[in-house]
Amino acid sequence: MVNSKQIIAIVAAIAKRMELEKNFLTELDNEIGDGDHGINLSRGFKSVQEKLPTWTDKDIGTILKNVGMELVSTVGGASGPLYGTAFMKAGNVCKGKTELTDADFTAAFGAAVGGVQMRGKAVEGEKTMLDALCPALKALRDDIDSGRTLIEAMTDAVDAAAKGVEFTKTIVATKGRAAYLGERSIGHQDPGATSSLYMLQTVLEVLKRD
Ligand code: ADP
Ligand code: MG
């Protein structure tokens, strides 16, 4: 079970993590993009962090939807609408809920990844955040379906996302700005896959806390 208090704690912890990783994510985006990924996410999550205290009495669906809308309206780059859609889609699944079962949590993550796919029209293997998110979702689903705990399942999801980030180093970008580099994008890890890994690691850390 995941309650609204934990969701608030997760969002706050993601905001803190994005601030910490701001320079590194921006460095990664300097190599194959326009060097703003860390700046974009830290700005977006800073706004989220400022509004978060006014959302603490809301249901999980509303909290996640608000996070998504805030990201869409404050992040200029491609990642704003993509992560924004992810949180809004997850919010739809959690409408009216103040507690999520493991199945609800998995469904919310599934909707988030589906939202990124719909919005970005990308698939796995194009050197985007989906190369971290899709393997993570698969691991989460497989583990929950086979009766593992949410913490066990999220541990496997984080491992799968980390492998996905490594995999992005080996492939050519065919979506987003990095696609302009073609073959020259090989050897660099995708900034968005990296920020997705950090978000999933943060979710796991907070779930382990209580
Ligand atoms: P921008 O590319 O507009 O500067 P950011 O730097 O914030 O935006 O985000 C770049 C990241 O967005 C990439 O590393 C990649 O993971 C992700 N991305 C870009 N385009 C897509 C897409 N069509 N689908 C999924 N993710 C994408
Ligand atoms: Mg960029």
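For the residues K65, K121, K89, the requirement of being under 30 Å from I171 (Cα atoms), more than 16 Å from ligand 2 (Cβ to nearest atom) and within 15 Å of the chain's Cα centre (by Cα) singles out K89. Taken over the stretch 129-180, residues that are farther than 29 Å from E31 by Cβ, open to solvent by 50 Å² or more (accessible area, probe 1.4 Å) and touching a residue at least 24 places away in the same chain (Cβ under 8 Å) amount to 3. Out of all the residues in the stretch 44-76, which are surrounded by 22 or more Cβ atoms within 10 Å (Cβ to Cβ) and closer than 17 Å to P191 by Cβ? Across the stretch 44-76, the qualifying residues are G44, F45, L71, V75. Of the helices (runs of 4 or more DSSP H) lying entirely inside the stretch 45-145, those containing at least 2 residues that are among the polar types (S, T, N, Q) are 60-74, 79-93, 102-120. Restricting attention to the stretch 83-102 and to residues that are touching a residue at least 40 places away in the same chain (Cβ under 8 Å) and more than 21 Å from A12 (Cβ to Cβ), the residue that is surrounded by the most Cβ atoms within 10 Å (Cβ to Cβ) turns out to be D102. Would a scan of the stretch 145-161 turn up a residue that is within 16 Å of ligand 1 (Cβ to nearest atom) and either touching a Lys or Arg at 6+ places or on another chain (Cβ under 7 Å) or of a type in the set (D, E) (or both)? No; the residues of the stretch 145-161 include none that is within 16 Å of ligand 1 (Cβ to nearest atom) and either touching a Lys or Arg at 6+ places or on another chain (Cβ under 7 Å) or of a type in the set (D, E) (or both). Residues in the stretch 111-140 that are in contact with a helix residue (DSSP H, G or I) (Cβ under 6 Å, 6 or more places away or on another chain) and not hydrophobic (A, V, I, L, M, F, W, C): 8 in all.
Taking V165 as the residue in question, decide whether it is at pLDDT 95 or above and either away from ligand 2 (no atom under 14 Å from the Cβ) or within 28 Å of A108 (Cβ to Cβ) (or both).
On the way: at pLDDT 95 or above: yes; either away from ligand 2 (no atom under 14 Å from the Cβ) or within 28 Å of A108 (Cβ to Cβ) (or both): yes.
Taking the combined requirement at face value, the residue satisfies it.
Among the conditions (1) under 13 Å from the mean Cα position of the chain (by Cα); (2) at pLDDT below 95, the only one that S185 does not satisfy is (1). Looking at the stretch 182-203, can you tell me whether even one residue there is touching a Pro at 6+ places or on another chain (Cβ under 9 Å) and either open to solvent by 70 Å² or more (accessible area, probe 1.4 Å) or within 14 Å of ligand 1 (Cβ to nearest atom) (or both)? No, that holds for no residue. Restricting F105, F24 to those that are open to solvent by 20 Å² or more (accessible area, probe 1.4 Å) and either away from ligand 2 (no atom under 16 Å from the Cβ) or at pLDDT below 95 (or both) reduces the list to F105.
Could you check, for the stretch 4-19, whether at least one of its residues is touching a Gly at 6+ places or on another chain (Cβ under 8 Å) and assigned to a helix (DSSP H, G or I)?
Narrowing the stretch 4-19 to residues touching a Gly at 6+ places or on another chain (Cβ under 8 Å): 18.
Add one more test, that the residue is assigned to a helix (DSSP H, G or I), and what stays is 18.
Looking through the stretch 4-19, at least one residue is touching a Gly at 6+ places or on another chain (Cβ under 8 Å) and assigned to a helix (DSSP H, G or I).
The values are calculated or read from the model by the stated rules, or taken from the named source; none is laboratory data. Just so it is clear, the model here is predicted, and its values are computed rather than measured. Note: ideal-geometry Cβ built from the backbone for every residue, glycine included; neighbour counts use all protein chains shown. For the accessible areas, the whole protein counts, side chains as well, though only heavy atoms, and no ligand, DNA or RNA atoms are used. Shrake-Rupley method; radii C 1.70, N 1.55, O 1.52, S 1.80 Å.
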